[in-house]
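Heads up: the structure comes next, in structure tokens.
Values in this text are rule-based calculations from the coordinates and carry no lab data. Keep in mind the model is a prediction, meaning the values are calculated, not measured. With ideal geometry, Cβ positions are generated from the backbone for all residues, glycine too; neighbour counts draw on all protein chains shown.
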Amino acid sequence: MENEEMKPDTSGAGESDMALPKKRFQAKIEDFTCEKCGFAVVGNGFTNHCPKCLWSKHVDKNPGDREEKCGGLMKPVGIEGTQAKYNLLYKCEVCGYQNKNKVSDKDDFEAVLKVARAKKPE
């Protein structure tokens, strides 16, 4: 077995987390109805929250993969960043997972200000 090249198992048998790494970002163009406010959201492949109320949903392990089973609503709990780039901070209401998403130019500016003025999460 000396000098034998190691190759990944691509047969599908014995699949595990040790298999080839998955792509970290997957653009998915999906329209959805916001489960918090009912707004009809038109997706563009990068849409990850409602532009009206800013709530999101815990559906991804990696952006766009839709592999997270939790499915809880993600509450916008804060803002971070600089004038050139702001992120919304989120916390899942079911499992407590925390994440951040970029503020979009399509987001309701008053909703963004409301989140920014709210008490920061502990």
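Couple of notes before you dig in:
- In Hz, Karplus ³J(HN,Hα) per residue of the stretch 95-107 (6.51, -1.76, 1.60; θ = phi - 60°; x = Gly, Pro): 10, x, 4, 10, 8, 9, 9, 5, 6, 9, 5, 8, 5
- Label zone of Lys61 (point 7 Å out along Cα→Cβ, amide N under 17 Å): in the stretch 98-118 this covers 98.
- Cα-Cα over 22 Å, subset of Lys61/Lys102; Lys61/Lys114; Lys28/Lys114: Lys61/Lys114; Lys28/Lys114
- Charge sum, other residues only, whose C-beta stays under 15 Å from Leu73's C-beta, Lys/Arg counted +1 and Asp/Glu -1: +2
- Derived scalar couplings ³J(HN,Hα) [the stretch 35-40; Karplus, 6.51 cos²θ - 1.76 cosθ + 1.60; whole Hz; x for Gly, Pro]: 6, 8, 10, x, 5, 7
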